[in-house]
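First the structure, in the form of structure tokens, and then the observations on it.
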Amino acid sequence: MPAHLALNYRSPAQQARVVTEAWGRENLYCPNCQSPILTPTPNNTAASDFLCPACGLPYQLKSKSSPIGNRIVDAAYNAMMQAIREDRTPNLYALHYNRVAWEVRDLILIPHFAFSVSAIEARKPLGAGARRAGWQGCNIVLNNIPTDAKIRLVSGGVPAPPRQVRESFRRLRPLKEISPAERGWTLDVLRVVRALGKHQFANGDVYAFESYLESLHPDNRHVRDKIRQQLQVLRDRGFLVQVERGVWALRDDDVRPAR
Ligand SMILES: [Zn+2]
């Protein structure tokens with residue numbers, strides 16, 4: 001990372017901002033098209049830090065000097081929930097860097113269409129003594145996002161080939177065509193399917209998560225019907241192959257370890 005930029009600032013927060021932003025300008029690229037660069041947005045542009053100059057997709061970069069973990073602190077809860085419902089979330093780059101060596105350790109990308117309402121957790125509203133008392137932020141819960149929708153660009157300091165990153169993004173893109181209201185279900189069923197860790201599975205394997213899925217979608221009383229419907233959606237979008245009635249398989253080239 002361009003560590004020398006930190007020398008101009010005293011505050012650790014300022015140092016981190018200026019170094020990570022400069023790194024992003026030099027190194028981030030667009031996984032949605034062939035653009036090798038992203039362009040920084042003007043300061044204070046709401047909810048996006050970079051734009052792809054070729055396809056126009058917006059990106060947000062969230063950086064921290066500790067491992068990415070399971071939760072990413074995000075902005076206002078209500079605004080994020082509304083953005084998901086209106087399909088306006090930006091693509092999210094989450095960066096973990098080493099603050100001593102100023103080295104990038106991990107970088108993951110969550111495509112804008114991979115956020116479901118169930119992946120957003122409300123934080124406690126700020127107390128009466130706070131400057132913005134009552135304001136409520138949110139966390140993005142990474143465990144509630146399907147494994148394949150957390151695209152790894154750098155793992156333990158080792159970058160993945162851009163070709164592979166773009167291929168991972170391309171495979172997820174059919175999710176974009178599903179309406180935001182429906183997509184939450186699709187993402188949650190996909191996540192359960194990935195968590196099974198099986199190449200082939202039956203409806204019953206997914207029904208085992210019925211009460212869990214019901215807790216995420218309390219307004220839906222026909223959860224098994226919904227599960228079957230979403231398995232068909234995942235088949236139609238190229239994520240699953242139907243082996244026979246009620247039996248499904250991951251695509252042969254798409255077996256991933258459960259995580
Ligand atoms: Zn692009």
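Annotations
- Within segment 205-228, considering residues that are in contact (Cβ under 8 Å) with a residue 24 or more places away in the chain and more than 13 Å from residue 184 (Cβ to Cβ), the one surrounded by the fewest Cβ atoms within 10 Å (Cβ to Cβ): 228
- Qualifying residue in segment 109-122 (condition: touching a Gly at 6+ places or on another chain (Cβ under 6 Å) and at pLDDT 95 or above): no
- Odd one out for residue 11, checked against (1) among the polar types (S, T, N, Q); (2) within 20 Å of the chain's Cα centre (by Cα); (3) more than 16 Å from the ligand (Cβ to nearest atom): (2)
- Residue in segment 29-49 that is part of a helix (DSSP H, G or I), over 20 Å from residue 172 (Cβ atoms) and among the polar types (S, T, N, Q) present: no
- Top-ranked residue in segment 20-69 [being among the hydrophobic types (A, V, I, L, M, F, W, C) and either under 20 Å from residue 102 (Cα atoms) or away from the ligand (no atom under 15 Å from the Cβ) (or both); ranked as surrounded by the fewest Cβ atoms within 10 Å (Cβ to Cβ)]: 46
- The set of residues from segment 96-120 being of a type in the set (S, T, N, Q) and either under 23 Å from residue 174 (Cβ atoms) or in contact with a Pro (Cβ under 8 Å, 6 or more places away or on another chain) (or both) comprises 116, 118.
- Residue in segment 244-251 that is over 22 Å from residue 170 (Cβ atoms), out of contact with any strand residue (DSSP E or B) (no Cβ under 6 Å at 6 or more places or on another chain) and surrounded by fewer than 14 Cβ atoms within 10 Å (Cβ to Cβ) present: yes
The rows are residues; the columns are (1) touching a helix residue (DSSP H, G or I) at 6+ places or on another chain (Cβ under 6 Å); (2) surrounded by 13 or more Cβ atoms within 10 Å (Cβ to Cβ); (3) among the aliphatic types (A, V, I, L, M); (4) within 20 Å of residue 238 (Cβ to Cβ).
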position	(1), (2), (3), (4)
146	yes, yes, no, yes
152	no, yes, no, no
163	no, no, no, yes
168	no, yes, no, yes
174	no, yes, no, yes
177	no, no, no, yes
181	no, no, yes, no
185	yes, yes, no, yes
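- Filter pass, residue 183 being part of a loop (DSSP other than H, G, I, E, B), of a type outside the set (Val, Ile, Thr) and closer than 30 Å to residue 88 by Cβ: no
- Selection count where residues are out of contact with any Gly (no Cβ under 9 Å at 6 or more places or on another chain), part of a strand (DSSP E or B) and either under 18 Å from residue 47 (Cα atoms) or at pLDDT below 95 (or both), scope segment 73-108: 4
The values are calculated or read from the model by the stated rules, or taken from the named source; none is laboratory data. Quick caveat, the model's predicted, so the values are computed rather than measured. Because the Cβ atoms are built from the backbone with ideal geometry, glycine has one as well, and the counts that use them run over all protein chains shown.
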